[in-house]
Amino acid sequence: MTAQKGRDLLLKIDDGAAAFVTVAGLRARQLSLNAETIDATDSESAGRWRELLAGAGLRRASISGSGIFKDAASDELVRAAFFASDNRSWQIIVPDFGMLSGPFQIVSLEYSGQHTGEVAFEIVLESAGEILFSAI
């Protein structure tokens, strides 16, 4: 994968009407994919090297971002999902890599603002079920 523009990484939320809306104005974003390991090492492990149990453990995805909302509608979608503690469908599109899609829950939503600037927000999403990957 060659260098990409950070602004091309998109975060979209299901609007409840069978469409996905881009969470607007994200100036910074980060996607983390993690898998816990299960240590299967025992006294007969070759050379006393650690052995990991394949296919076991817990997988999760975490997405964070910060920026500004482009309009009241995208702000309301995110705010409503947070206050309802909904596990909404989200899409995370990484150019020349693929798309992750599935249920996520907003675990942190912060607002801030400067006297001479716009209101900004920070958001953190955690996977809340099976996350599917499709190459694009």
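The numbers here are math on the coordinates, done by the rules we state, and not lab data. Please read these numbers as outputs of a predicted model, since none were measured by experiment. Positions of Cβ are backbone-derived with ideal geometry, glycine not excepted, and every protein chain shown enters the neighbour counts.
At most 16 other Cβ atoms within 10 Å and a DSSP loop assignment: could you name the GluC sites (Glu not before Pro) in the range 29-136 that fit?
Filter output for the range 29-136: E36, E44, E51, E118, E130.
Choose one of W49, I13, N34: the residue whose Cα lies farthest towards the positive end of the charge dipole of the range 12-54 (beta-carbon charges +1 Lys, Arg; -1 Asp, Glu; about the Cα centre).
Most positive-ward Cα: I13.
Summarise the long-distance tail of P(r) for the chain by giving the % of C-alpha pairs beyond 20 Å.
53 percent
Any chance you could tell me what percent of the C-alpha pair distances in the range 5-76 go past 14 Å?
Of all Cα-Cα pairs in the range 5-76, 72 percent lie more than 14 Å apart.
7 Å from Cα along Cα→Cβ at both A54 and Q114: what's the point-to-point distance in nm?
The two pseudo-label positions are separated by 5.3 nm.
Mind giving me the FRET efficiency for A28 and S85? R0 is 30 Å, r the Cβ-Cβ distance, nearest 0.05 is fine.
0.75
State which stretch of the chain is the longest one without any exposed trypsin sites (Lys or Arg not before Pro), exposure meaning a DSSP loop state and at most 16 other Cβ atoms within 10 Å.
With trypsin sites (Lys or Arg not before Pro) excluded where exposed in loops, the chain gives 71-136 as its longest stretch.
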